[in-house]
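Taking it in order: structure first as structure tokens, then the write-up.
The values are calculated or read from the model by the stated rules, or taken from the named source; none is laboratory data. Note that the coordinates shown come from a computational prediction; the quantities given were computed from them, not determined experimentally. Methodologically, a virtual Cβ is constructed for each residue, glycine included, from the backbone with ideal geometry; neighbour enumeration extends over all protein chains shown. We work out accessible area using only protein heavy atoms, side chains counted, and drop any ligands, DNA or RNA first. Shrake-Rupley method; radii C 1.70, N 1.55, O 1.52, S 1.80 Å.
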Amino acid sequence: MAVDLLLGLQWGDEGKGKIVDVLTSKYNIIARFQGGPNAGHTLVFNGKKHVLHTIPSGIFHDNAINLVGNGVVIDPVIFKKELDKLEEQQIDYRKSLLISRKAHIILPTHRLLDAASEASKGKAKIGSTLKGIGPTYMDKTGRNGLRIGDLELSDWKERYRSLADKHESMISYYGVELEYDLNELETEFFKAVEVLKSLQLIDSEEYIHQAQKAGKSILAEGAQGSLLDIDFGTYPFVTSSNTTAAGACTGLGVAPNQIGDVFGIFKAYTTRVGSGPFPTELFDEDGETMSRVGNEFGATTGRARRCGWLDLVALKYACQVNGVTQLMMMKGDVLSGFKTLKVCTAYKYKGETITHLPYNIEPENLEPVYTEFNGWNEDLTEMSESAQLPKALNDYIAFLEKELEIPITIVSVGPDRKQTIFR
Ligand code: IMP
């Protein structure tokens, strides 16, 4: 059976966790394929909010298997904290959670290296979540990394020591002041590693192949967003993995011709957290309203997210790079009350009007061209059917569908599982 993909089409925080949770009842297996605890997937049900960082968003469903794929980077300390939270809620994860032996491990010194690298960049910093993501993927591609499967080797501690020592000398190379107690960090790390070792560690690509053969349905859950992709995002202000559809193939061991539907998640407006260009960013009252009504604060770092109008040029680009087959629009409810809405449909770029995403989208090169729409005042949060949606919102949706040539099959009108309209 084909593997369906679900990914974010903007700069992350689109609401992927909620939609995975909503769709999980249709799938046997939910698999994360890239990123790590820089992600914060928020789920709300039965009046309670849950935030997951590394564990797939299907974990709250009894029947789903949740797989952490080879493309993911795992911080044992954060992973253990996530498990502790699940235990508090009596979620029995031991049978339903599987981890790829090929996933890479985030060491305490990876986190320190991230902090040292960012501090050394000064104003040019990426705005990283400082979870050690970049340094861990650097060790992976540099062929120095430690993998989950290494935990089962008799000499794993020596391997750990040798890499951590190398990192310590690299930290001193950055020449920045970092206060840390490595002994303390390592005590916590090794304790968490023991917990990780007690879980089901598997050869995940083989597991997936067998599951496909047995007719199991699989949903691959992306993290971050397409504009943070290491190749296609706003480099260097990106994360260190392929967040786009191709990342699911390498991050799970699924062949391209085995991919089925690609669900693209986007917000009805745009947000970004961290540094980097953002053509439709708002610095006025409209931006403040989006931030306040949308509660736009990072689920992982608590940082305020930058807000702006929907950028259709960037969205079209993301749809193309991913081969999106269905769109899901989040947070339509946040736009209730705006008199006029704007959508960026082109850029003025070096004296020309263009409709594609150019190499350099720094603000000095580029100015957004907007199409305006009438707003609506109705509160959407209690609506449950497409027929209840205001005409102005339906016009907005119809315009996006026409421009993107992809159907919008879900409109989310609030954070709760129940606040989901299927079209
Ligand atoms: P890193 O992946 O933590 O190094 O962060 C690199 C950039 O990606 C920073 O701008 C982060 O704010 C951003 N980023 C990383 N993960 C997420 C996410 O899950 N949501 C939104 N932004 C993210």
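Observations
- Tabulated pairs, segment 121-147, first touching a residue at least 40 places away in the same chain (Cβ under 8 Å), second aromatic (Phe, Trp, Tyr), C-beta under 6 angstrom, 6+ apart or interchain: 126/237
- Of all residues making up segment 64-73, the number that are more than 13 Å from the ligand (Cβ to nearest atom) and either over 15 Å from residue 218 (Cα atoms) or within 17 Å of the chain's Cα centre (by Cα) (or both): 6
- Condition met for residue 61 (of a type outside the set (S, T, N, Q) and either under 27 Å from residue 191 (Cβ atoms) or within 11 Å of the ligand (Cβ to nearest atom) (or both)): no
- Residue satisfying condition, being within 30 Å of residue 208 (Cα to Cα), in a strand (DSSP E or B) and in contact (Cβ under 8 Å) with a residue 12 or more places away in the chain, within set 230, 265: 265
- Any hit, segment 257-275, residues being touching a strand residue (DSSP E or B) at 6+ places or on another chain (Cβ under 6 Å), β-branched (Val, Ile, Thr) and within 9 Å of the ligand (Cβ to nearest atom): yes
- Test: residue in segment 47-55 that is assigned to a loop (DSSP other than H, G, I, E, B), under 24 Å from residue 84 (Cα atoms) and open to solvent by 20 Å² or more (accessible area, probe 1.4 Å): yes
- Checking the stated criteria, residue 208 turns out to be modelled with pLDDT of 95 or more, closer than 30 Å to residue 95 by Cβ and within 24 Å of the chain's Cα centre (by Cα).
- When we screen 72, 68, 77 for residues that are farther than 19 Å from residue 7 by Cα and among the β-branched types (Val, Ile, Thr), the only hit is 77.
- Selection of segment 192-227 for residues being within 16 Å of the ligand (Cβ to nearest atom) and part of a helix (DSSP H, G or I) yields 226, 227.
- Just one of (1) within 22 Å of residue 182 (Cβ to Cβ); (2) within 15 Å of the ligand (Cβ to nearest atom) fails for residue 142. It is (2).
- Positions within segment 394-423 being within 15 Å of residue 333 (Cβ to Cβ), in a helix (DSSP H, G or I) and either touching a strand residue (DSSP E or B) at 6+ places or on another chain (Cβ under 8 Å) or basic (Lys, Arg) (or both), in sequence order: 396, 397
- Restricted to strands (runs of 3 or more DSSP E) entirely inside segment 282-378, those with at least 1 residues that are more than 16 Å from the ligand (Cβ to nearest atom) and not polar (S, T, N, Q) are 326-330, 340-349, 352-354, 366-374.
- Qualifying residue in segment 31-51 (condition: in contact with a Cys (Cβ under 9 Å, 6 or more places away or on another chain) and more than 11 Å from the ligand (Cβ to nearest atom)): yes
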